[in-house]
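For reference, the structure is listed below as structure tokens.
Values in this text are rule-based calculations from the coordinates and carry no lab data. As the structure is a computational prediction, the values presented were derived from the model and not from experiment. Here Cβ is always computed from backbone atoms with ideal geometry, including for glycine, and neighbour counts include all displayed protein chains.
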Amino acid sequence: MTVRERVYRYLRQRITTGQYAGGFRLVEEQIADDLGVSRTPIREALQRLASDGLVLRVRRGHLTVVELDAEARAEMHLLRVAFDQVAAGLLAAKADRVNWAPLYALLDPLARAIEEHGVGGPQFSMAHLDLHMAINRTAFSTITSGFLERQAFLYPTDDYVQQPGHEPVSQHRALLDDLSSGDAERAVTAVRVHALRGHGNSTLEERP
């Protein structure tokens, strides 16, 4: 993905997961410093988020985050679980034709982000999103994946946050092992458990 797309996905995730709470003021300079990028992709991302209805422009041009209630977040999570299960089934069906090496290679920037900035840093969040986006992109055909990425509201990446109490690199290596197994039931179960653990107090029951 381009820098502008990565920044947009990252900021949208922060908003929809509540890490940027309703009323939180978004300052271009601060976000640019946090992410180590120029202000241009930040400005473009904030404009998109305003068009999405997730950011409001208030007096003096200040930008603030809208309030998202628990029901909206629960709906997004259900969409994420359903999406991941479809992706897992597609990957399992073509596991022997997928080049898995590039996906496993994305564990390296994940590890570097942890070593240099910690799990709580934006660098880790963006590397984590990159991995899940790459998994989804691999699952679908080029045409379908391109359509979904253009229609951002259909692409539920917002809920991809790190599960507390789990070592990120080994956890995601195990997920890739399950997805590459060619066993559809194993793959679908793995992504469902992965999603439910990360969501925390989900209304869905986590099953082994």
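A few comments on the model shown:
- Between V55 and A50, V66, the built amide H atoms are under 5 Å apart, and every one of these is 5 or more places off in sequence or on another chain.
- Amide hydrogen neighbours beyond the local backbone of L26, cut-off 5 Å, H modeled: L63, T64, V65
- Sites count as exposed loop sites when they are GluC sites (Glu not before Pro), lie in a DSSP loop, and have at most 13 other Cβ atoms within 10 angstrom; the longest stretch of the chain without one is 68-204.
- The chain: relative contact order as a whole-number percent, Cα under 8 Å and 6+ apart: 25 percent
- With Cα atoms, 0 to 90° folded angle of helix 70-93 axis to the chain main axis: 40 degrees
- C-alpha long axis of helix 107-117 to longest principal axis of the chain, angle in °: 40 degrees
- Rounded to the nearest 10 degrees, the angle from helix 3-16 to the longest Cα principal axis of the chain is 90 degrees.
- Which of R73, R9 has the fewest Cβ neighbours within 10 Å, and the rest in rising order: R73, R9
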